[in-house]
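Below: one structure, written as structure tokens.
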Amino acid sequence: MPDDSLAIRHQRITETGLGWVAGWSADLHEDGSTTLWRCPTPPGVHQPGDVTGYWTSPEAQIPLGQTMLLARTDLVIAAGGHGGLPAGEDFLMVNGVTNLAAGELLPHVVYFYRQHSAQMTAGGAVAYRSLRGPSRDFAFRHGRALRSALRHAQTGGQELVS
């Protein structure tokens, strides 16, 4: 993590009272160089449910990575923490947190991701790859269902699900 990773997000969450604050991540290469990863969610404040809308299909780029997220403990607990999936469990946590509370994505790198050949998600992990699709599909549907249920509750049951 960059030296200011936690400080910048903690300062912002404290100043604003938001439920979560995230930043960008960057791939960290073996030579020490980095490549910025911009998630589909644009920088700025997002209301509950907005982030889910930036995930357009189970196969599409996830809207926000959980490693980029600093969230209030009570919110993570209410969201169910990391779901019990064998893959994609982090997507469930992001869905829950971003659907339950407003938050902000900062245009600032807060996490370095280092890919390497020995990690579970690397090419040789057949079991992981076989579970990734169904897990992403479940997480995607979970986010949509949660957003729909919360919006229905906020409008006193007046909103119709499409």
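The values are calculated or read from the model by the stated rules, or taken from the named source; none is laboratory data. Quick caveat: nothing in here was measured; it's all calculated off a predicted structure. Methodologically, a virtual Cβ is constructed for each residue, glycine included, from the backbone with ideal geometry; neighbour enumeration extends over all protein chains shown. Note: areas computed on protein heavy atoms with side chains; ligands, DNA, RNA excluded. Shrake-Rupley method; radii C 1.70, N 1.55, O 1.52, S 1.80 Å.
Conditions tested, residue by residue: (1) open to solvent by 60 Å² or more (accessible area, probe 1.4 Å); (2) modelled with pLDDT of 80 or more; (3) within 28 Å of residue 1 (Cα to Cα); (4) within 15 Å of the chain's Cα centre (by Cα).
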| residue | (1), (2), (3), (4) |
| --- | --- |
| 106 | no, yes, yes, yes |
| 116 | yes, no, yes, no |
| 120 | yes, no, yes, no |
| 148 | no, yes, no, no |
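Residues in region 28-56 that are closer than 27 Å to residue 18 by Cβ and loosely packed, with under 12 Cβ neighbours inside 10 Å: 36, 42, 44, 47, 56. Looking at region 10-50, the strands (runs of 3 or more DSSP E) lying wholly inside it that each contain 2 or more residues that are polar (S, T, N, Q) sit at 34-37. Across region 6-27, the qualifying residues are those that are more than 30 Å from residue 150 (Cα to Cα) and small (Gly, Ala, Ser), and the one among them that is surrounded by the most Cβ atoms within 10 Å (Cβ to Cβ) is 26.
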